[in-house]
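Worksheet: one structure, shown below.
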Amino acid sequence: MDNFSAFLSFMAFVLLLKQILIVDGISDTTKDDGFVGILGAIVDNSSRIGKEESIAMQIAVEDFINTSNQRLDLKIRNSQGDPLQAALAARSLINTDQVQAILGPQTWEEVSLVAEIGSKSHIPIMSLADATPEWATELCTFLVQASPNKLKQMEAIAAIVQRWEWRQVTIIYEDTDFSAPAVLSHLSNALKEVGAEISHYVAIKPFASSALSEELEGLKISQNRVFVVHLSLPLAVELFEKTKIMNMMEKDYVWIITDPFASLVHSFNASIISSMQGIVGVKSYIHENESHFQDFRYKFRQQFSSEHPEEVNHEPSIFAAQAYDLTWTVALAMSKKRQGRQQIISNILQSDVDGLSGKINFTDQTIAPAHTFQIINMMGESYKELGFWSDGRGYSETIGESDTFKSSMNALGQVFWPGGIQGTPKGWSPPTSANPLKIGVPTRASFKQYVEVEMEKDHLGNNISFSYKGLAIDVFKATLEELPFDLPYNFFPFNGTVDALVEQIHSKNFDAAVGSISILANRYQHAEFTAPYTESGLVMIVPVRSRTREKAWLFIKPFTNAMWVLIGATSIYNGFVIWLIERNHCPEFKGSISNQVGTLIWLAFSTLFSLNRNKLKSNLSRITMVVWLFMALVITQTYTAKLASLLTLPQLEPTVVDVFALQNSNATVGCAGASYISKYLEEVLHFRHNNIKNFSGADEYAPALRSQEVAALFLNLPLAKVFLAENCKSFTMTGPTYNVGGFGFAFPRGSQLLPSVTEAMLKVSEKGTLQDLEKKMLASQKCMDMDPEEDERLSPSVSPSYLWVLFVFTGGTSSMALAIYIFRAYNSM
């Protein structure tokens, strides 16, 4: 009995030791030195990808055995796409088959359960899911992301969108897809880099046919016609079958498909392909021309057609190539003798293999991402290979060291689009009467001349509708008349600030906004704008005062100081000439020096009022006197007319001439409340915050200026014109015009309508319609207390430049008479 107990204890110890060795990854290989180990795999044999992976793995094991003369067992389990089945398969492979590594599964939902089971047993799990979270590989040291990251394909899609100048894209994705958030983020960023954006996000639920139809109905009535489809194979096939029935594969529609769906189009039957005509796809690139791939392709076709005769196409895809490469890489890592499982995963991560799908190497438990993709175009009974896109290099027709890469898709040739067109699809359609444009109109506009929203009521006092008028509304309606298509729209009042209205466009509550909307840089993050329909600029308005407020000195205002000096100098000079000529003939011109000086001055200025012809004896002095008198007559009449003008029409001047005067005097300035102007005054013109007063309405501006509550008012130039039209006598514009945006209409960023509306607005301006509308608006506000023609009579004081010919003539005559007199006097000596 004791011997039997000892025997049982010995056998239990042996079994325990064997189990410990197995768990540690060390098996007894002394019985068969050529035996590498057992490799497990979990695939979904109900899917095309799973079928290809299974066949590829078997071929890889056969090639490894034939090449290395070593034996490797492959155990494949079918998960049927069920995470629970995948977990049970993993337990069976680890506990029953005692595998050293597991390949697969295909989805993250399956991988997450399998990785948890594998990590407990220290079994390397080679994930074939499209994406694995970074935290998963950090948490599970035996989990390896073995499927290349394909997010770079989003940049290829963005390059396609850029080539055809589409501005908005709708993304259709599966809401249960774990990789969807990363895909959407990368696509959004890539589109922003090329000036486009995602306008709609459409999440599709699997096995919800009615919901899919409803989503497509909504997309059909939307304006955008560029769709990026990132769906699994069954859901994508159902989508395109429905789009064909709903006539959404017609002219101006654009459909772009992504991997993995694009890499499986070769497996579709004729019925599916017929529903996908004109689609452009981005698929993973395979080195199909290499001899190694050709050999694999031959074996794959034979075995795949034998095991899956129900499939219409037996060509291998990128998934078969990746499964083959991964199986070969793991087999090499396991081929070293007596290697523990930790060493196996270490060998895998140190791999550097040239495979069918490209270079196989790993960084931080993740295989190198894909950087090259093939661009395909669905047409006829299959698809056309347009060319390739490589990250950082661009487009090329082929892949090779000597190939030329170009930034434009033009290098790839003609594309066949849905509807059979070969031109460029618009990628959008104008709104229809069933889905008119929703246009927001601000109700808080400070100047009703630009936009006014009035509530109309019936005889019972009930609100029934709103009416919209003003220059902005008139310009918008005139613009629509220039469009080459009808644009149904409805106005909606918005009781908020302009900034809030623009944000509503970004939030998709409005399709556009019309009103006195300033085009500002900070608003471009929410919307884009048409060309301005008004002059741009910020101006300063100040009160005016009379230039002749010092009335005691009004009599000197008709002439400038230089004019007064010149008149005096000319008069004295002419008086001197006459005195010199006549002093020998007139005894009163002689005498003491003081007497002669007084006589000279009297003679100089009395001539302006009398001829004194009876006292002049010399013809030279008489000629000088006549010319001088003519000059005096002109000057006298000019002075009289100018003085009368000043007395009857006093001239006005601004109380402040520039911004620096306001700043130096620490004056308070005003602007429209809740506008960008307050920020501009503070940050650009450097006014103190406490010296800036915001007004809520235009009716507050004039009283504030008259009462000197503010010294100046800053308004947009178009609004300043309206204000001065109503208050033309008391205020004026002064100082420079500061360059800021004019008024425009706002549309969503990337709006397909924007270029057409801007072009139509330019036509309105070039035809003169815009100027006529503005003149009509200003004429209705015409200031009636002053005739605008009177402004032309308000001229500055007369300067010598007005009468310089007369002064030259007078001075020349006097000088000539003086010269003749001196010549005669000299000869008579």
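The values are calculated or read from the model by the stated rules, or taken from the named source; none is laboratory data. The structure displayed is predicted, hence computed values, not measured ones. Glycine also receives a Cβ, built like all others from the backbone with ideal geometry; neighbour counts cover every protein chain displayed. Heavy atoms of the whole protein, side chains included, go into the accessibility calculation; ligands, DNA and RNA do not. Shrake-Rupley method; radii C 1.70, N 1.55, O 1.52, S 1.80 Å.
Some notes on this structure:
- Qualifying positions in the range 490-533 - among the polar types (S, T, N, Q) and assigned to a loop (DSSP other than H, G, I, E, B): Asn495, Thr497, Ser507, Asn509, Thr530
- Among all positions in the range 743-760, there is at least one residue which is at pLDDT 90 or above, in a helix (DSSP H, G or I) and open to solvent by 80 Å² or more (accessible area, probe 1.4 Å).
- Residue satisfying condition, being surrounded by 14 or more Cβ atoms within 10 Å (Cβ to Cβ) and touching a Gly at 6+ places or on another chain (Cβ under 6 Å), within set Lys384, Lys406: Lys406
- Scanning the range 253-310 for residues that are in a loop (DSSP other than H, G, I, E, B) and either under 16 Å from Ile59 (Cβ atoms) or open to solvent by 20 Å² or more (accessible area, probe 1.4 Å) (or both) turns up Pro260, Asn269, Gln277, Tyr285, Ile286, His287, Glu288, Asn289, Glu290, His308, Pro309, Glu310.
- Failed item, numbered, when Ser199 is tested on (1) more than 22 Å from Ala262 (Cα to Cα); (2) in a helix (DSSP H, G or I): (2)
- The set of residues in the range 37-48 being among the β-branched types (Val, Ile, Thr) and open to solvent by less than 20 Å² (accessible area, probe 1.4 Å) consists of Ile42, Val43.
- Filter pass, Glu774 being part of a helix (DSSP H, G or I), at pLDDT 85 or above, touching a helix residue (DSSP H, G or I) at 6+ places or on another chain (Cβ under 8 Å) and charged (D, E, K, R): yes
- Of the candidates Pro532, Pro558, Pro488, Pro493, the single residue that is open to solvent by less than 70 Å² (accessible area, probe 1.4 Å), in contact with a strand residue (DSSP E or B) (Cβ under 9 Å, 6 or more places away or on another chain) and at pLDDT below 90 is Pro558.
- Look at the range 441-470: where a residue is farther than 25 Å from Ala720 by Cβ and a partner is at pLDDT 80 or above and open to solvent by less than 40 Å² (accessible area, probe 1.4 Å), sitting 6+ places away or on another chain with Cβ atoms under 6 Å, you get Glu456/Ser467; Phe466/Val453.
- Filter pass, Ser54 being more than 18 Å from Thr329 (Cβ to Cβ) and either open to solvent by 10 Å² or more (accessible area, probe 1.4 Å) or polar (S, T, N, Q) (or both): no
- Residue check for Ala500: among the hydrophobic types (A, V, I, L, M, F, W, C) and in contact (Cβ under 8 Å) with a residue 12 or more places away in the chain: no
- Some residue of the range 76-87 being open to solvent by 10 Å² or more (accessible area, probe 1.4 Å), of a type in the set (D, E, K, R) and touching a Gly at 6+ places or on another chain (Cβ under 9 Å): yes
- Number of the condition not met by Lys242 [criteria: (1) in a helix (DSSP H, G or I); (2) charged (D, E, K, R); (3) touching a residue at least 40 places away in the same chain (Cβ under 8 Å)]: (3)
- Total residues in the range 703-724, condition outside any strand (DSSP E or B) and farther than 20 Å from Asn666 by Cβ: 10
- Among the residues making up the range 139-164, those that are part of a loop (DSSP other than H, G, I, E, B) and in contact (Cβ under 8 Å) with a residue 40 or more places away in the chain are Thr141, Phe142, Ala146, Ser147, Pro148, Asn149, Lys150, Leu151, Lys152, Trp164.
- The residues in the range 733-742 that are β-branched (Val, Ile, Thr) and in contact with a Leu (Cβ under 7 Å, 6 or more places away or on another chain) can be counted, and the count is 2.
- The set of residues in the range 173-205 being in contact (Cβ under 8 Å) with a residue 60 or more places away in the chain and closer than 14 Å to Val229 by Cβ consists of Glu174, Val183.
- Of everything listed in (1) open to solvent by 50 Å² or more (accessible area, probe 1.4 Å); (2) more than 19 Å from Gly387 (Cα to Cα); (3) of a type outside the set (Ser, Thr, Tyr); (4) free of Cβ contacts under 8 Å to residues at least 12 places away in the same chain, the single unmet condition for Ala208 is (1).
- Taken over the range 172-193, the criterion of being of a type in the set (Val, Ile, Thr) and open to solvent by less than 40 Å² (accessible area, probe 1.4 Å) is satisfied by Ile172, Val183.
- Flag for Arg793 being at pLDDT below 75, surrounded by fewer than 16 Cβ atoms within 10 Å (Cβ to Cβ) and of a type in the set (Lys, Arg): yes
- Residue within the range 401-411 that is of a type in the set (Lys, Arg), touching a residue at least 40 places away in the same chain (Cβ under 8 Å) and under 30 Å from Asn224 (Cβ atoms) present: no
- Matching residues, the range 430-457, being surrounded by fewer than 18 Cβ atoms within 10 Å (Cβ to Cβ) and either small (Gly, Ala, Ser) or touching a Ser or Thr at 6+ places or on another chain (Cβ under 6 Å) (or both): Ser433, Ala434, Glu454, Glu456
- Index of the failed condition, Ala60 passing every other in (1) under 18 Å from Phe35 (Cβ atoms); (2) within 52 Å of the chain's Cα centre (by Cα); (3) open to solvent by 70 Å² or more (accessible area, probe 1.4 Å): (3)
- Residue pairs meeting the criteria (Cβ under 7 Å; at least 6 apart or on separate chains; first open to solvent by 50 Å² or more (accessible area, probe 1.4 Å) and at pLDDT below 85, in the range 649-677; second of a type in the set (D, E, K, R) and part of a strand (DSSP E or B)): Leu652/Arg545; Thr655/Arg545
- Selected residue [assigned to a loop (DSSP other than H, G, I, E, B), at pLDDT below 80 and farther than 30 Å from Lys477 by Cα] from Thr398, Thr404: Thr404
- Any chance Ile348 is surrounded by 22 or more Cβ atoms within 10 Å (Cβ to Cβ) and either of a type in the set (D, E, K, R) or in contact (Cβ under 8 Å) with a residue 24 or more places away in the chain (or both): yes
- Matching residues in the range 223-237 - criterion: being open to solvent by 20 Å² or more (accessible area, probe 1.4 Å) and over 20 Å from Ser47 (Cβ atoms): Gln223, Arg225
- Search result, residues across the range 106-141 that are farther than 17 Å from Phe178 by Cα and open to solvent by 10 Å² or more (accessible area, probe 1.4 Å): Glu116, Ile117, Ser119, Lys120, Ser121, His122, Glu138, Leu139, Cys140, Thr141
- Residues of the range 412-429 satisfying the condition of being open to solvent by 10 Å² or more (accessible area, probe 1.4 Å) and under 27 Å from the mean Cα position of the chain (by Cα): Gly423, Thr424, Lys426, Trp428, Ser429
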